[in-house]
Amino acid sequence: MKGDFSRIRFNPAKQYTSVLKQQGRVDLDADANEQCFIDESLRDTINQDVIGPWGGPEDNAGFAIEIRGEAIWISPGRYYVHGLLVENPRILNYDDQPYLIEPKFTAADLLNQLLEAGEGASLGFVLEVWQRLATALDDPCLTEPALGQADTTARLQTVWRVVASVSSSNNAAQREKINISHVGSYPIAGLRVGSGEAETNVIDQLSPCCQSLYNLRGAQHLGQMGASAPAGGNDCGCQPIAAAGYQGLENQLYRVEIQTGGDLTSATFKWSRENGSVVTQVTSVGNNSTVISVASLGPDANLGFQAGQWVELTDDSYLFGDNPNQPGNLFQIDSVNQATLQVTMTVPVFGIDTTLNARMRRWDQSGASASSSGIPVSDSLIPLENGIEVNFRVRGEFQPGDYWTIPARTANGQIDWPPCGSNGSYYEPAAYMPVYQAPLACVGLRRLDKRLIAKGRTPQSRFLVNDCRLLFPPLIAVNAAASAAALHVSAISWTNDDILTIDTLLKNGLSVTFDQATTCPWGGGNFQVYLEPPMAPGVFLAMEEGKLPGITKPTFASPLGTDCFLRTVMALDPPWGVTVSGNQVSWITPVTSTPNNVNYGAWEVLVALNTLLGWLNPIGFARVRVRLIGGAIYGDGVNGNIYLDGQSLGETGSRALDSSESVNYNLPSGNSAARSDYEGWFYLAPTVFVTNVVIQGVENNQTVKSPLTALKVIVDSNNQLKSLQVGETATITLTGVQALITLSYPSVAPTTVTLVFTGTGAGSVVTIASSVTIPAGQKTFPIPINIISNPGGGVTDTVTLIASISAVGTTLPCNIQPQLSITGMTPPVNYQ
């Protein structure tokens, strides 16, 4: 803080809580300022103990990110960042932020970058917060007309702005369900909630993209400085010799500040005997001129500007640019005109804008070592003035703006170094104004879907905003939630309103986890599962074919998806009963099965459910609804049974397959003792099968032969493969053979297909990858077939390709198993 202070001596290690005045003593600015810092430290500590490093009140949380067209909007409200209260009074456009000046990228630029980067990228939004010293140059209201516009005080101001940047990341990070705010028994925005095995890391509940924002780390401030004022000499001279090291005639607060960051070979510094507080407003700057006009040249010579001095010219773009709190440019004064309030520099002035609160600040370095870059740092002693010397060391790099203050007093001729109350080390770490960061949101892209575009979706629907904020309730709500006598759902084994296949359901099971063990009997009565399979398209019109004039069998088909026109409801009872293990209750336990030990019960469920959905010609996805009856689910409480509070609050999420919008639930459920049901749902897709495999010959991405059943290898005189002959005359390259795999429908998740060649030549003449993973959303997929050797003249090898998938531990091969004959060739004789 570059203010006119006698010293800054707050030391949290001393644990002072109050500054007490004594009668008849002089009032010092240092005492009043220390009380302010004590109060601020106590306030910030309490806020962090109660809220955590980050958090917004759930009834008025601000800084939510919304995208409309090419504009990014920041919602009004409050948020706490490392104990500091940050307030946004009204909805604010990203491009209109008062403390984000001339950003490198506008909102439209950022959104366009995200679109260009594609679905694997994310746009991360972070709230940056810091405090700065505001003087009368920043706020004229701080002057007092009755005292001749004296600026008796300054202010410490909380500054904030929202910044964003595009980075690449895994698609899954943008599509994961995000459970924020409510974790554990009650919603607290701190890092951990609960204790022991029940302890929960709140940030772990966020999407990977949001978690990466919480892992951001700022620059490390590793520089240190030492200061000394050696004892005076005893040589004979006409002037008196100071008995101590500091030889100044005034009490001063010296400030040493890093100008250019770097290590000991590249960093520079500047210094001021007035704590950098001699500053004035710049009113005009000529184009490529050495002359500037200022509002004042100071009250006197000591606190004014003189020829030969170095000054720093800045404006708000240095304070609030992309990289905040950057130093300005240093210029040396050539002359000063008191009458016209003009200052002439030794070189033309550049880099400041008088419309952005431009100012000129005096620094007091001088001599040959001082330059427009500052003074080079060194581990050797560097003289400042009046006997004060400094030297530096660093384990890394100095950061611009790092500073140290050195109180110097004439009464004892000493400097306060090492600072009073420190650990006594000669080298002291730098002070600096920290810039705190709070993650707000991650924005990803939904997949383009022509069906959605056809329905009139606007371009902004491509942007999927994932909220990364942490929320907390009023303290009275925390107490009520913590003492509520109820069971709560803390986890479920499916993603609500998303899609999974039947075999995945059997593999993972269908289970619900509570926040404590239940004591009630379980069954289909209180753990209810309903299946809503779609009906075949046009079934009723087909029934009327030939009965009424004009009614013919329809040809339309319902698309595979999460909704169909007609559904039928089936209540399912658990095939093996409901099982209980600790706090987890399972309607279907995870199925383990191997080829030598098939779980026939699971196989029966697989067949039954796939039959309802159409097997190889799927009708659509079934909707599965899960309902837990709150009044029939209970556990032991202090005063008897406690019952399920299943109320859950939804929020917009996205499905893993296509990023289409879905309803996610925040868990744990409920926050009171009310008995209520828990209800959730998901969509059930048929098991994916390989329905067809065909071997093809291709050239330049064009199919030459399909199906390809026979080919002949072409070799040179050294028996090296050159090409492949297809049919009588056509040839293709050695890489021109592939297998085209067709699934029963475009899978909702990546599908692994196992591939193997059998027959003569398998592995020696022809090979193929042992497996291939077909991406979600694709029905067909090509996989290269490698012809690696010549069977030999007059020899024909025949191989069979078997493609299969695994479900419930059983291998399910495709019924179509194409064959390929490879005929060899006798190498031609080379007569050369």
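The values are calculated or read from the model by the stated rules, or taken from the named source; none is laboratory data. Computed from a prediction, not measured in an experiment: that's the story for all the values here. Please note: Cβ atoms are built from the backbone with ideal geometry, for glycine as well, and neighbour counts cover all protein chains shown. The protein model used for the area step is the full one, side chains on, heavy atoms only, and it has no ligands, DNA or RNA in it. Shrake-Rupley method; radii C 1.70, N 1.55, O 1.52, S 1.80 Å.
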Legend entry - segment 724-761: number of residues that are touching a Ser or Thr at 6+ places or on another chain (Cβ under 8 Å) and either part of a strand (DSSP E or B) or under 30 Å from Asn617 (Cβ atoms) (or both): 22
Legend entry - Among the candidates Leu156, Leu142, Leu133, Leu92, residue that is surrounded by 14 or more Cβ atoms within 10 Å (Cβ to Cβ) and at pLDDT 95 or above: Leu92
Inset, instruction - Please tell me if Gln23 is open to solvent by 20 Å² or more (accessible area, probe 1.4 Å), within 28 Å of Val443 (Cα to Cα), modelled with pLDDT of 90 or more and of a type in the set (S, T, N, Q). - result: no
Legend entry - Which listed residue is touching a residue at least 40 places away in the same chain (Cβ under 8 Å), more than 22 Å from Trp404 (Cα to Cα) and of a type in the set (S, T, N, Q), from Gln306, Gln326, Gln332: Gln332
Inset, instruction - Considering each residue of segment 1-47, count those that are closer than 28 Å to Trp363 by Cβ, touching a residue at least 24 places away in the same chain (Cβ under 8 Å), not in a helix (DSSP H, G or I) and not charged (D, E, K, R), and give that number. - result: 7
Inset, instruction - Provide a single number: the residues in segment 686-723 that are polar (S, T, N, Q), open to solvent by less than 40 Å² (accessible area, probe 1.4 Å) and assigned to a loop (DSSP other than H, G, I, E, B). - result: 1
Inset, instruction - Scan segment 586-595 and give yes if some residue there is at pLDDT below 80, of a type in the set (Val, Ile, Thr) and open to solvent by less than 80 Å² (accessible area, probe 1.4 Å), otherwise no. - result: yes
Legend entry - Evaluation of Asn508 against (1) over 38 Å from the mean Cα position of the chain (by Cα); (2) of a type outside the set (Lys, Arg); (3) open to solvent by 20 Å² or more (accessible area, probe 1.4 Å) (one fails), failing number: (1)
Legend entry - From Gly245, Gly298, residue being open to solvent by less than 10 Å² (accessible area, probe 1.4 Å), at pLDDT below 95 and either touching a helix residue (DSSP H, G or I) at 6+ places or on another chain (Cβ under 6 Å) or not in a strand (DSSP E or B) (or both): Gly245
Legend entry - Residues located in segment 787-813, provided they are modelled with pLDDT of 90 or more, within 43 Å of the chain's Cα centre (by Cα) and either surrounded by fewer than 16 Cβ atoms within 10 Å (Cβ to Cβ) or not in a strand (DSSP E or B) (or both): Pro813
Legend entry - Yes/no for Thr760 being touching an Asp or Glu at 6+ places or on another chain (Cβ under 7 Å) and open to solvent by 20 Å² or more (accessible area, probe 1.4 Å): yes
Inset, instruction - Take the residues in segment 522-552 that are over 16 Å from Ile619 (Cα atoms), touching a helix residue (DSSP H, G or I) at 6+ places or on another chain (Cβ under 9 Å) and modelled with pLDDT of 70 or more, then tell me which one is surrounded by the most Cβ atoms within 10 Å (Cβ to Cβ). - result: Asn526
Legend entry - Segments classed as strands (runs of 3 or more DSSP E), wholly inside segment 492-533, with at least 2 members that are touching a Lys or Arg at 6+ places or on another chain (Cβ under 8 Å): 527-532
Inset, instruction - Would you check if Ser18 is surrounded by 14 or more Cβ atoms within 10 Å (Cβ to Cβ) and of a type outside the set (A, V, I, L, M, F, W, C)? - result: no
Legend entry - Residue in segment 399-424 that is surrounded by the most Cβ atoms within 10 Å (Cβ to Cβ), counting only those that are under 39 Å from the mean Cα position of the chain (by Cα) and in a loop (DSSP other than H, G, I, E, B): Asp402
Legend entry - segment 650-685: number of residues that are open to solvent by 30 Å² or more (accessible area, probe 1.4 Å), in a loop (DSSP other than H, G, I, E, B) and over 19 Å from Pro775 (Cβ atoms): 6
Legend entry - Cross-chain or 6+ apart pairs with Cβ under 8 Å, segment 137-159 first and within 21 Å of Val86 (Cβ to Cβ) and free of Cβ contacts under 8 Å to residues at least 24 places away in the same chain, then open to solvent by 70 Å² or more (accessible area, probe 1.4 Å) and polar (S, T, N, Q): none
Inset, instruction - Select from segment 95-118 the residues that are part of a helix (DSSP H, G or I), open to solvent by less than 60 Å² (accessible area, probe 1.4 Å) and hydrophobic (A, V, I, L, M, F, W, C) and list them in ascending order. - result: Ala107, Ala108, Leu110, Leu111, Leu114, Ala117
Inset, instruction - Any chance you could count how many residues in segment 814-832 are in contact with an Asp or Glu (Cβ under 9 Å, 6 or more places away or on another chain), surrounded by fewer than 18 Cβ atoms within 10 Å (Cβ to Cβ) and in a loop (DSSP other than H, G, I, E, B)? - result: 3
Legend entry - Residue identified as more than 24 Å from Ser212 (Cβ to Cβ), assigned to a strand (DSSP E or B) and not small (Gly, Ala, Ser) among Arg132, Arg90: Arg132
Inset, instruction - Looking only at segment 214-230, decide whether some residue is over 30 Å from Ile51 (Cβ atoms), among the aliphatic types (A, V, I, L, M), touching a Gly at 6+ places or on another chain (Cβ under 7 Å) and modelled with pLDDT of 50 or more. - result: yes
Inset, instruction - Taking Gly77 as meeting all but one of (1) free of Cβ contacts under 8 Å to residues at least 60 places away in the same chain; (2) over 26 Å from Asp353 (Cβ atoms); (3) open to solvent by 70 Å² or more (accessible area, probe 1.4 Å), write down the number of the exception. - result: (3)
Inset, instruction - State yes or no: is Leu303 open to solvent by less than 10 Å² (accessible area, probe 1.4 Å), hydrophobic (A, V, I, L, M, F, W, C) and either modelled with pLDDT of 95 or more or in a loop (DSSP other than H, G, I, E, B) (or both)? - result: no
